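Asker: Have a look at this one before I ask anything.
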């Protein structure tokens, strides 16, 4: 099982986004600790009301991961996640190909449908069209990344005899899709290399506008369903599955280590290939460094 460190989101609008440590320093520590990847989320223009009720700010993930790529050599660079309908598919494909090329093939492009209506309105995107926009983007990405001439006509985009370079290093760039809905699982089985489900109580699922997955046993059944559907569609590659491990006591990684090891082993037995951890309780660079070092020494060595 692989482990990804998620740079903690900054809640409210009072704190600075980099209070927990500069990206070069944190990314270097994460790589040295033995993590496999580094991830960042996306909220380009969240509402003040959402922030006041516990929402979070974020860096632009593709720009920031380019910075991470420059100071690391091994870490996989995860967008966790980019909101697909917010982005013009051709511009997103270009940015992703550029980052993959400059990082020598380390990008994992996590995509989601989005859920903040106020953010859709601010960006001029019709929230009712998010599914169609997502599917059109998935159509465009492999065409754009081929580096060969192509045409594409969808409901929202019309490209006629275009060609885009650079080609990414990876063929294909791994696309991981977030969300629990039947539509999200269909997209994973048919068109992606990974799935990023959300595990939690119904209230959390209602907030992010997706179906609830309340238990690890339920998740295991859905993982098997997604992989079986992919095989039935003629695919032979393994679909990765990401799990965000949010046990509050992990704030001190060495505490309850045996319990955490068993919990992580059970997650692996459910079919998960990648576990994401973060350190939201760490609010200073020193505390962040301590979390990363201790987690690495306890679980990654």
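The values are calculated or read from the model by the stated rules, or taken from the named source; none is laboratory data. Just so you know, these numbers come straight off a predicted model, no measurement behind them. Note that each Cβ is placed from the backbone with ideal geometry, even for glycine, and that neighbours are counted across all protein chains shown.
Asker: Within the range 157-173, work out how many residues are surrounded by 15 or more Cβ atoms within 10 Å (Cβ to Cβ) and over 17 Å from the mean Cα position of the chain (by Cα).
Answerer: The number of residues fulfilling the criteria is 7.
Asker: Filter the range 174-209 for residues that are part of a loop (DSSP other than H, G, I, E, B) and either crowded, with 21+ Cβ neighbours inside 10 Å or within 16 Å of the chain's Cα centre (by Cα) (or both) and give the result.
Answerer: 174, 179, 180, 192, 193, 197, 198, 199, 208
Asker: Filter the range 226-237 for residues that are surrounded by fewer than 11 Cβ atoms within 10 Å (Cβ to Cβ) and free of Cβ contacts under 8 Å to residues at least 24 places away in the same chain; which is farthest from residue 216 (Cα to Cα)?
Answerer: Within the range 226-237, the match that is farthest from residue 216 (Cα to Cα) is 234.
Asker: What's the total number of residues in the range 73-119 that are free of Cβ contacts under 8 Å to residues at least 60 places away in the same chain, more than 16 Å from residue 141 (Cα to Cα) and surrounded by fewer than 20 Cβ atoms within 10 Å (Cβ to Cβ)?
Answerer: 4
Asker: So, one more: Which pairs have Cβ atoms under 9 Å, sit 6 or more apart or on different chains, and link a residue in the range 238-260 that is on the phi > 0 side of the Ramachandran plot and in contact (Cβ under 8 Å) with a residue 40 or more places away in the chain to one that is part of a loop (DSSP other than H, G, I, E, B) and surrounded by 14 or more Cβ atoms within 10 Å (Cβ to Cβ)?
Answerer: From residues that are on the phi > 0 side of the Ramachandran plot and in contact (Cβ under 8 Å) with a residue 40 or more places away in the chain, there are no pairs.
Asker: Is there any pair with a first residue in the range 178-191 that is farther than 15 Å from residue 83 by Cβ and a second that is part of a strand (DSSP E or B) whose Cβ atoms are under 6 Å apart and which are 6 or more apart or on different chains, and what are they?
Answerer: Pairs found: 188/177; 188/195.
Asker: If residue 91 meets every condition in (1) part of a helix (DSSP H, G or I); (2) touching a helix residue (DSSP H, G or I) at 6+ places or on another chain (Cβ under 7 Å) apart from one, which number is that one?
Answerer: For residue 91, the failing item is (2).
Asker: Further question: All but one of (1) within 30 Å of residue 221 (Cα to Cα); (2) in a loop (DSSP other than H, G, I, E, B); (3) modelled with pLDDT of 95 or more hold for residue 171; state the number of the condition that does not hold.
Answerer: Among (1) within 30 Å of residue 221 (Cα to Cα); (2) in a loop (DSSP other than H, G, I, E, B); (3) modelled with pLDDT of 95 or more, the lone unmet condition for residue 171 is (3).
Asker: Same structure again: Among the listed residues 294, 273, identify the single one that is farther than 17 Å from residue 250 by Cα, surrounded by fewer than 20 Cβ atoms within 10 Å (Cβ to Cβ) and in contact (Cβ under 8 Å) with a residue 40 or more places away in the chain.
Answerer: Step by step, each of 294, 273 is checked, and only 273 is farther than 17 Å from residue 250 by Cα, surrounded by fewer than 20 Cβ atoms within 10 Å (Cβ to Cβ) and in contact (Cβ under 8 Å) with a residue 40 or more places away in the chain.
Asker: Still on this structure, please answer the following. Being within 21 Å of residue 251 (Cβ to Cβ) and either at pLDDT 95 or above or more than 12 Å from the chain's Cα centre (by Cα) (or both) is true for just one of 11, 79. Which residue is that?
Answerer: 11
Asker: Now, a different point. Given the structure, is residue 65 within 16 Å of the chain's Cα centre (by Cα), without any contact (Cβ under 8 Å) to a residue 40 or more places away in the chain and surrounded by 23 or more Cβ atoms within 10 Å (Cβ to Cβ)?
Answerer: No: the conditions fail for residue 65.
Asker: A follow-up question, please. Inside the range 120-133, can you point out the residues that are assigned to a helix (DSSP H, G or I) and farther than 14 Å from residue 209 by Cα?
Answerer: Correct list: 121, 122, 123, 129, 132, 133.
Asker: Which condition does residue 140 not pass, out of (1) assigned to a helix (DSSP H, G or I); (2) modelled with pLDDT of 95 or more; (3) loosely packed, with under 15 Cβ neighbours inside 10 Å, if it passes all the others?
Answerer: The single condition residue 140 does not satisfy is (3).
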